[in-house]
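Right, one structure below, let's go through it.
The values are calculated or read from the model by the stated rules, or taken from the named source; none is laboratory data. None of the values given here were measured: they were computed from a predicted structure. So basically every Cβ, Gly included, is an ideal-geometry build from the backbone, and we count neighbours across all protein chains shown. Areas reflect the complete protein model, heavy atoms only, side chains present, ligands, DNA and RNA absent. Shrake-Rupley method; radii C 1.70, N 1.55, O 1.52, S 1.80 Å.
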Amino acid sequence: MDASEILKNVGNNMGAVVIIWKILHEKYKKYAEKRQLDAARYLPARDHYIEYLSRTYGNLSIVNTLYSKNISYKTKDIYEPLEVFWHDPFGKKIKHTISNDKPFSLLSKFNKLVIQGAAGSGKSVVLKMLFLDIVDRSMGVPVYIELRRLSSSHKIFDEFLSQITPDGTSLNKEILWDCIGDGDFIFLFDGYDEIQPSQISQVNDDLKDFCSRCSKNKFVITSRPRPGLNINGFNTVFFENIDYDQCCRIIKKYDSQGAICEKLIKEVKDFKFLEGENLLLSPLMAYFLYVFSLKGKALPSKKHIFFRTFFDMLFSDHDELKGCPKTFKSLLSRDQFHSVLRELGFIAFKEQKIEFSKEEILLFIRRSLDKLGYSEISESDVLGDLFNDIPIFVSNDDFYFKWSHRSIQEYFAACYIFRCEYGEKASVLRSCFFSNPQSHLDMIDIYCDMDPVVFRETFVYEYLKKYRQYHFMRPDDIPAELEQEVSFRKEILFVWKLFLSFFITEGGLFNPDNFYYFCLDCSRRFKVKIYGATGRYVSIGGFDSMLLISRSFDNLYHVTDFLFKRGFSWVEKISSDDPFPASLSMFPPSEIERLSDLPDLTATINNSQNFADINKVVKFGMHGLYKINSRAVFSEIINIENSLKTKGVQ
């Protein structure tokens, strides 16, 4: 790439690029001399690094649309400031807006950060904005890495090295390690949820080791909610849903002429998803609504209808351009393409991959064509159609192909499952529950509208049975007066992990810093991530004390949250109607206790004498959060089992 092309990519930011090069140049020179090596021999070529940085800046400056590969927008032009939140050690919700002009301000608060959000919430665009801002204001040396590219044989350092030396130029690795370890780098890792399942353990270890070895730098990871993403020292922030006004502003960014904006915004205001399933409330769905209105389509009321309509529109557009139905190179019809994509979507679902090498994708297309009886069709022709004419797949280098958006892949996977025989679809949905259910919720969210009966008889049924089994795991000698209290405790602890401790106050005053140390102790001692804590003054054994309760959760929380939002009434919110106990008759314990679901004679807090009072404490500390309604669960199980018997299903 010559100088004119570099300037074209980075616009007016060539000076910033050179400044960043000088940061790296000085580091490299310093550590080469420390190792008594010839600095001139080992210094990376200026043009190579500037070419890498300008190329990456240029790529991240553009957002390609899902609707047409020929239409793209500048990242900065279409970005709508998004709000993230996190909880401080007191359980207080803290909000921060990632602005257009200074998105890097988020990283002034954290050195190690996970940005977590649902499908289409804007994670990747935010990461692009961070990279551009770092370069624009010369905030450090940015490194952008797509985590799906990593494996046990290709680690973070290898990927960075391959980016800055694409022509195979040899660099001294020890000196480069020294440079990174010295600080000033900002590593932006995109798509933790897209790491191949077979590689997740190795990539996790690599992330932990790399971040520990290079701890003077800043690190950002984006991901959908996923199990296993709990790396020591990382703070997690979550995206807020966009509101009506933000949705309208996003639509206006795409509709630069304003021709359809006014009409669409009125329709959006009346759209039922604003009060329903949050389908609309993400940047991706705002874009879909713009495209639908552009083509004169009604706003669909279900996710699977959204994606089917979008798929049909891709064909309609090509027909309109030609003035007649388009003939694709593969000669497949619209419905035949849908069949092939269902097969490919399910393969990607099983493999938990959205990106494939060219050899892989051609192999999977070949298998799909043969299975469907289209053996005479060329897999290369199909890939060409899906890449060039129907932009379902995208590629930056013609070597790796990925789905244009993971939600599209999940839609086709859901369609594949829907068309299976009852036994096969039931088997797949049950496996979704038993194997990292949190990882499958986005696909399940699409499927459950397509087939609510089978969804209830499989995925939901397994959840209910798991609770029933947990509920009745209790000894026979529970005192009768505690039976109801034990049931209530189980209804909460099925979803949550709770930890309690006390601080004796000095003169009736409590040092707020103790909240922080309490949460830190919980996290270290029990190897969990704490998501909030509350406190209340109470007399314990005659001592004025502050009772502290913190909470954590695992995969079942995300499933419970999903089912609550889907309207299942046996998930409900905790109400603290009972009066808070003024005193507890025990000596204040010196250790943190994890709350168990049964009375424990050896416990200071969770013994039979205090069990009912501690439940009142829990109600206060967990007010407004989820619990299970046991009676409603057992009633629902009976209804489902009666339905299955009627069908003759075991």
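Structural remarks
- Taking the range 201-250 as the range and being in a helix (DSSP H, G or I) and in contact (Cβ under 8 Å) with a residue 60 or more places away in the chain as the test, the residues that pass are C211, Q246, R249, I250.
- Some residue of the range 508-519 being exposed (fewer than 14 other Cβ atoms within 10 Å of the Cβ) and assigned to a strand (DSSP E or B): yes
- When the criteria are applied in full, K497 meets the requirement of being part of a strand (DSSP E or B), over 26 Å from A582 (Cβ atoms) and not hydrophobic (A, V, I, L, M, F, W, C).
- Odd one out for G181, checked against (1) modelled with pLDDT of 85 or more; (2) under 19 Å from the mean Cα position of the chain (by Cα); (3) surrounded by 14 or more Cβ atoms within 10 Å (Cβ to Cβ): (2)
- Selected residue (criterion: farthest from the chain's Cα centre (by Cα)) from residues of the range 385-418 that are modelled with pLDDT of 90 or more and not hydrophobic (A, V, I, L, M, F, W, C): Y416
- Filter result for the condition that a residue is in contact (Cβ under 8 Å) with a residue 12 or more places away in the chain, open to solvent by 20 Å² or more (accessible area, probe 1.4 Å) and in a helix (DSSP H, G or I), over E485, E462, E457: E485
- One residue alone among L150, L130 is closer than 23 Å to V84 by Cα, modelled with pLDDT of 90 or more, under 23 Å from the mean Cα position of the chain (by Cα) and open to solvent by less than 40 Å² (accessible area, probe 1.4 Å), and that residue is L130.
- When the strands (runs of 3 or more DSSP E) confined to the range 80-199 are screened for residues that are of a type in the set (A, V, I, L, M, F, W, C), those reaching at least 3 such residues are found at 82-87, 112-116, 141-146, 185-190.
- Verdict on R474 being open to solvent by less than 10 Å² (accessible area, probe 1.4 Å), more than 30 Å from L284 (Cβ to Cβ) and more than 22 Å from the chain's Cα centre (by Cα): no
- Count of the range 83-130 residues which are acidic (D, E) and within 19 Å of G233 (Cα to Cα): 1
- Residue list for the range 284-315, restricted to those being of a type in the set (S, T, N, Q) and not in a helix (DSSP H, G or I): S301
- On inspection, D47 fails the criterion of being assigned to a helix (DSSP H, G or I), open to solvent by 30 Å² or more (accessible area, probe 1.4 Å) and either among the small types (G, A, S) or at pLDDT 85 or above (or both).
- Count of residues meeting criterion [over 27 Å from Y290 (Cα atoms) and either at pLDDT 75 or above or open to solvent by 80 Å² or more (accessible area, probe 1.4 Å) (or both)] in the range 226-270: 6
- Selection within the range 416-430 - touching a Phe, Trp or Tyr at 6+ places or on another chain (Cβ under 9 Å), open to solvent by 10 Å² or more (accessible area, probe 1.4 Å) and touching a residue at least 60 places away in the same chain (Cβ under 8 Å): Y416
Here is a yes/no grid of residues against (1) closer than 23 Å to P437 by Cβ; (2) in contact with an Asp or Glu (Cβ under 7 Å, 6 or more places away or on another chain); (3) charged (D, E, K, R):
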site: V571; (1), (2), (3): yes, no, no
site: P579; (1), (2), (3): no, no, no
site: L584; (1), (2), (3): no, yes, no
site: P599; (1), (2), (3): no, no, no
site: N615; (1), (2), (3): no, yes, no
site: K619; (1), (2), (3): no, yes, yes
site: K627; (1), (2), (3): yes, yes, yes
site: V633; (1), (2), (3): yes, no, no
site: I640; (1), (2), (3): yes, yes, no
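- D77 vs. criteria part of a helix (DSSP H, G or I), closer than 21 Å to Y144 by Cβ and modelled with pLDDT under 85: no
- You will find that of Y411, Y400, the residue that is within 28 Å of S282 (Cβ to Cβ), buried (at least 22 other Cβ atoms within 10 Å of the Cβ) and not hydrophobic (A, V, I, L, M, F, W, C) is Y411 and no other.
- Scanning the range 380-394 for residues that are open to solvent by 10 Å² or more (accessible area, probe 1.4 Å) and either within 8 Å of S330 (Cα to Cα) or among the polar types (S, T, N, Q) (or both) returns S380, D381, N388.
- Residue selected from the range 75-114 under the condition touching a Ser or Thr at 6+ places or on another chain (Cβ under 6 Å) and open to solvent by 30 Å² or more (accessible area, probe 1.4 Å), by the criterion nearest to I242 (Cα to Cα): E83
- Residues that are surrounded by fewer than 17 Cβ atoms within 10 Å (Cβ to Cβ) and either out of contact with any Gly (no Cβ under 9 Å at 6 or more places or on another chain) or at pLDDT 90 or above (or both), drawn from the range 319-333: D319, E320, L321, K322, G323, C324, P325, T327, L331, S333
- Number of the condition not met by S61 [criteria: (1) farther than 30 Å from Y79 by Cα; (2) at pLDDT 85 or above]: (1)
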